[in-house]
Amino acid sequence: MLDDFFWRALLGGIGVALLAGPLGCFVVWRRMAYLGDSLAHGALLGVALGLVLGIDLTIGIVASSVALVAILLLLQRQRRLAGDTLLVILAHGALSLGLVAVSFMEGQRIDLMAFLFGDILAVSRLDLIWIYSGVIVILCVIVLLWRPLLAVTVHEELARAEGVRVTLVSIIFMLLVAVTVALAMKIVGILLIASLLIIPAASARRLARTPEQMAILASLAGVLSVVGGLFGSLEWDTPSGPSIVVVALVIFLLGLVVAGPVALLGRRLRSGISPRTN
């Protein structure tokens, strides 16, 4: 029999994986892989904010992530510095500010390793409420914004010409990523959040034929990573967060191996040639 904390960890991880799948696809398509990493680094500043104000840490992390997105959007209006340069400045600046702020807090004992690498086994019932509330809201927003978000991702100028409010759609997308990062921090930690966004989406990319298929496959790969990583961690007594990422990496490598034969089979089926005739 598995303990309650393991089931909570499993449910929490699956919820975040369902959320990270479709969002991760847009992050990969838009070549914004460093955005999730930058927001994750800034999450420690949100932890410090939560401790100072005496509020739930998830609220502090969401607030700091949203503030970072707002600052990034303001800085992007000036065109003197490239986007990746701004992300590095914000990421490491926010991480350092968070570390310095935490060091000033007397009487506060913080498990820094749990924030850096996650502590999925400590997921509480309140965390599950946060995660699944986020899953419902964010997936509904993604469904509603799917077509305009896809149009902006494929060709921004063409989308603008077709009447899509590009700036508003981009802001909403960044806010969705910011909230997802806040919800995922307890699962895999600050240093590994980007992996849960990027690796399942990259795994699904070579196997999917449509954007919708890729989003579904990415969520499925994320769920398999969480389940495999948690049971592997239980069996071999390894760290849970990194174990989840290792399973995601294995799925990615397996996807590379099977993508070729699957694509070949698909071409043969589409051309009406039975594999048995060859």
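The values are calculated or read from the model by the stated rules, or taken from the named source; none is laboratory data. Since the model is a prediction, treat every value here as computed from it, not as a measurement. Glycine also receives a Cβ, built like all others from the backbone with ideal geometry; neighbour counts cover every protein chain displayed. Quick note on the areas: whole protein, heavy atoms, side chains included, nothing else; ligands and nucleic acids left out. Shrake-Rupley method; radii C 1.70, N 1.55, O 1.52, S 1.80 Å.
Some notes on this structure:
- Hydrodynamic radius by Kirkwood, which averages 1/r over all alpha carbon pairs of the range 1-149, in angstrom: 17.0
- Using θ = phi - 60° in the Karplus curve 6.51 cos²θ - 1.76 cosθ + 1.60, the 3J(HN,Hα) couplings for the range 214-223 round to 5, 5, 5, 5, 5, 4, 5, 5, x, 5 Hz; x is entered for Gly and Pro.
- Phi angles of the range 95-106 translate, via the Karplus equation with coefficients 6.51, -1.76, 1.60 and θ = phi - 60°, into HN-Hα couplings of 4, 5, 4, x, 5, 5, 4, 5, 5, 7, 8, 6 Hz per residue; Gly and Pro are given as x.
- Residue-averaged [θ]222 nm for the chain, counting only DSSP H segments that reach four residues, each worth -39500 (n - 2.57): -28000 deg cm²/dmol
- Expressed as a whole percent, the accessible surface of the chain that belongs to carbon and sulfur atoms is 67, based on a 1.4 Å probe.
- Averaged over residues, the count of other Cβ atoms within 10 Å places the peptides 197-207, 127-137 in the sequence 197-207, 127-137, highest first.
- A simple packing score, the average count of other Cβ atoms within 10 Å per residue, orders the peptides 167-180, 30-43 as 30-43, 167-180, with the highest score first.
- At a probe radius of 1.4 angstrom, the accessible area of the chain per residue rounds to 53 square angstrom.
- Scanning residues 5 or more positions from L192 or on other chains, none has an amide H under 5 Å from its amide H, with H placed 1.01 Å from N in the peptide plane.
- For the chain, projected area of the alpha-carbon convex hull averaged over all directions, nm²: 18.2
- Intensity falloff of the range 141-200 expressed as log10 I(q)/I(0), Debye formula with alpha-carbon point scatterers, at q = 0.12 Å⁻¹: -0.37
- Whole-Hz ³J(HN,Hα) from phi, Karplus 6.51 cos²θ - 1.76 cosθ + 1.60, for the range 124-140, glycine and proline x: 9, 5, 5, 4, 5, 5, 4, 4, 6, 5, x, 4, 5, 5, 5, 5, 5
- Packing rank of 226-236, 57-67, where each peptide gets the mean count of other beta carbons within 10 Å, highest leading: 57-67, 226-236
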